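Accompanying notes for the structure given below.
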Amino acid sequence: MPKTKILMVCLGNICRSPLAEGILRSKLDDKNFEVDSVGTGSWHVGNSPDARSIKVGAKHNIDISHLRGRQLSKEDLEKFDHIYVMDQNNLDDVLEMTTTDEQKRKVLMVLDAVFPTEKVDVPDPYNGTIEDFERVYEMLEEASNVIAKQLA
Ligand code: 4NP
């Protein structure tokens, strides 16, 4: 059986989506699932996650220090089965890159898992405090619990 492939997407791929990748991966069996993350922007390609995301992850036993920034490509839209974005801007940017209805159907807001009808963003914590990163962690943890159950 091929692995089910899941992609987490944010703007920079250094704050939210690396945490989302680490959290969801910790809840899924790596024999059956592949989890990756990317940014819609290119500023942080090759960079480590933000030190605050690494710190909040480590506090919860999620090590994301080895991850490196990567930018979303057209190939990703074909390769991945499920694409979860953090906010409405990411959703618009990803949908703009899609070329087929099948690709469009793969793309969901990650918090749709918790608030299916409300279009809730995971707020960008880049200019915020460590408490903002902790709140991001908690939102992603809750969403990942639901997503892991849906996929398993
Ligand atoms: P992320 O946060 O999208 O959660 O990784 C950001 C990181 C960097 C920038 C914006 C958002 N930036 O503009 O460099």
Practice task
Tally the residues that are more than 19 Å from Gln150 (Cα to Cα), of a type in the set (Gly, Ala, Ser) and surrounded by fewer than 24 Cβ atoms within 10 Å (Cβ to Cβ), restricting the search to region 1-54.
Solution key: 6
Handout entry: Close pairs (8 angstrom Cβ cut-off, 6 or more residues apart or separate chains): in a helix (DSSP H, G or I) and modelled with pLDDT of 95 or more in region 26-53, within 12 Å of the ligand (Cβ to nearest atom) and among the basic types (Lys, Arg) anywhere
Key = Ser53/Arg16
Problem - Selected residue (criterion: farthest from Asn13 (Cα to Cα)) from residues of region 109-144 that are among the β-branched types (Val, Ile, Thr) and at pLDDT 95 or above - result: Val114
Practice task
Could you grab me the full set of residues in region 1-25 that are in contact (Cβ under 8 Å) with a residue 40 or more places away in the chain and more than 12 Å from the ligand (Cβ to nearest atom)?
Solution key: Thr4, Lys5, Ile6, Leu7, Gly22, Ile23, Leu24
Practice task
Determine if region 28-36 includes at least one residue that is within 16 Å of the ligand (Cβ to nearest atom), under 22 Å from Asp124 (Cα atoms) and β-branched (Val, Ile, Thr).
Solution key: no
Problem - Spans of helices (runs of 4 or more DSSP H) in region 56-152 with at least 3 residues within 13 Å of Ile23 (Cα to Cα) - result: 130-151
Practice task
Can you give me the number of residues within region 54-77 that are touching a residue at least 60 places away in the same chain (Cβ under 8 Å) and closer than 21 Å to Thr99 by Cα?
Solution key: 2
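The values are calculated or read from the model by the stated rules, or taken from the named source; none is laboratory data. Everything quoted here is computed from the prediction, not taken from an experiment. Quick reminder, even Gly has a Cβ in these numbers, built from the backbone with ideal geometry, and neighbours come from all protein chains shown.
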